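The values are calculated or read from the model by the stated rules, or taken from the named source; none is laboratory data. These numbers were taken from a predicted model, which means no experiment stands behind them. We place every Cβ from the backbone using ideal geometry, glycine too, and count neighbours over all the protein chains shown.
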Amino acid sequence: MSKVNPKIDLVFKKLFGSEENKDILMSLINAILPLSQQVAKITLKNPYNVADYAEGKLSILDIKAEDESGRLFDVEIQIRGSVFYGKRALYYWAKIYGSQLDVMPDTQPEGTSDISYSDLKKCIVISLIDFNMFDDERFHRCYTLKDTDTNEKHETLDYLDLYFVELRKYKGEQRATMTLLDRWIAFLNTAHRYSNDKLPTELAEIREIQKASKKLEAMYLDEKERGYYEAQQKFWLDQISLMKEAMEKARTEAMEKGIAEGREKGIAEGREKAKFEAAKNAILAGANNELIATITGLSLQQIQQLRTDIA
């Protein structure tokens, strides 16, 4: 059984953001990108370095990388969402895109000083999120710049891609065949259940996933890293436990009401009502939106609307 949870951002960066694991990161990125945009080589711009944590940089846990064509990537896993997460993703993109101009003067040939916009490269932000951000059932999506009339991209504007992967929406048992992205999500969601030699066949047959499992089992966290990890893990598990209790109570009450009314429709309605009742109780108890979304399955937009209605 893996000793640490890869959904905790510190562990995620140590696993996917280390020099010796660039093949793992590249496999994950390629699972998210379309086949026409696959990465063949990758360079880490901010590789994991334990010394950073001695300097108080525990908050810098996204992974920045560059591929062979110069495209820049920012990869992050996040278990605590926000109604402003979309703005956050856009801000990350803007920082990375704009920062290219900051470093250009040092790379210009001697005797020149002009900064050329032609040197700007495409920036791609990948957000793996452990909460529901969108209202539909799709767990993988990309936002980019397109003409609103023709739905076409223009090559001079094709410099922004925002990918969102909602981990909790993935239902592996509903898919006849598993894509590489399916397998990576399944691994991130269930890594704590298996030792490396017990990985399901569909995961073990992917070399990079098998390597990731071995790395997790062998991963060592020093005292400061362990303190950060355990604080994150404990807070999250405690909140999840409280929310599950509240939701189970609301679900039971709603189900009993539906059964008493003698209607199958009432049972289905009861299940849906239970989600909103649990969310309402959690709001009144002071829980934040992202935690409520994680436990109830409601989207952040639905929860924010409920919060507004209550107020």
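I'd like to check something: does the stretch 290-309 contain any residue that is more than 23 Å from the chain's Cα centre (by Cα) and outside any helix (DSSP H, G or I)? Checking the stretch 290-309: not a single residue is more than 23 Å from the chain's Cα centre (by Cα) and outside any helix (DSSP H, G or I).
Cβ separations smaller than 8 Å between residues 6+ apart or across chains give the following pairs from the stretch 288-306 residues that are within 15 Å of Glu248 (Cα to Cα) to residues that are among the charged types (D, E, K, R) and outside any helix (DSSP H, G or I): Thr294/Asp130. From the list Ala89, Ala65, Ala94, the one residue that fits, being modelled with pLDDT of 90 or more, under 30 Å from Gln305 (Cα atoms) and over 15 Å from the mean Cα position of the chain (by Cα), is Ala94. Residues in the stretch 112-131 that are within 26 Å of Thr179 (Cβ to Cβ) and part of a loop (DSSP other than H, G, I, E, B): Lys122, Asp130, Phe131.
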